[in-house]
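First up is the structure itself, then whatever we jot down about it.
Read-outs throughout are calculated quantities, based only on the coordinates presented, and are distinct from any laboratory measurement. None of these values were measured; they are calculated from a predicted model. We place every Cβ from the backbone using ideal geometry, glycine too, and count neighbours over all the protein chains shown.
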Amino acid sequence: MGGTTPLRETVRSALREADERFERERLALYRAYVAALVRRASPLVVDLARHWGLDLAPAFASLAPPWRWPLGRPDPLARHHLRFWDGEVPRASRWRLPERSVRSADLVAPGGEGLLRLDVRGDCVDACAWIGETLVIARAGKLLVWLPFALPETLAIATPGRLLADVVDHPAFRGRRYRVSRAFADLGGRAVLEARARAVAFSLPVPSPSGDVAVPPPAVARRR
């Protein structure tokens, strides 16, 4: 009986090492899979990251597989799991932020100027952004811009067809020909502008568990 305990401990240790090795390899495979899948991003992601000087790589380094992955049927439109929160939202802010999720990554702009929330769906990186008191949602090839005020009726009628940058002056909108297709009021009376924003080519930098960063070759964006 005396030799049973050391043998049992040896087996347990071997099983732990096998489990850890399996999880490391599963994580590496998942990140390689997502890096190979993602080929597009909303231009809002690219432009806000550049304007605010945000490093997106740490956010994408938080990619982690769902607990059953890769079992089951792969869903090409599934949301991928990100768990990254960079910085604190100022308490004095009047932003009404949805709760943080294990499927998004939050990056706060220096000085609390805004917040960029990344959302990886299928082959595209979409986002929500809070720029001061303005909310912008980039998804499905569109921008929805919630302004913190109502538009006078005459201005709302005249807004469709204009460039978004002519209505909302912000560096993230300049240089892009976002043309307003619709202007309407939400249930609270705030003005909402809708504009077309086709995804741009994007390569996802995904660090491996060892810390190395694998950057897939650039791809040509497909139109939505």
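Calculate the FRET efficiency for Arg182 and Ser203 from the Cβ-Cβ distance with a Förster distance of 30 Å, rounded to the nearest 0.05.
0.40
For Arg8 and Leu155, calculate 0.36 nm times their separation in residues minus their Cα-Cα distance, and state this gained length in nm to one decimal.
Separation in residues times 0.36 nm, less the Cα-Cα distance, equals 45.2 nm.
Nearest 0.05, what FRET efficiency do Arg73 and Ala32 give at R0 = 22 Å with Cβ-Cβ as r?
For Arg73 and Ala32, the calculated efficiency is 0.70.
Between Ala140 and Arg16, what's the calculated FRET efficiency when r is the beta-carbon distance and R0 is 25 Å? Round to 0.05.
About 0.05, to the nearest 0.05.
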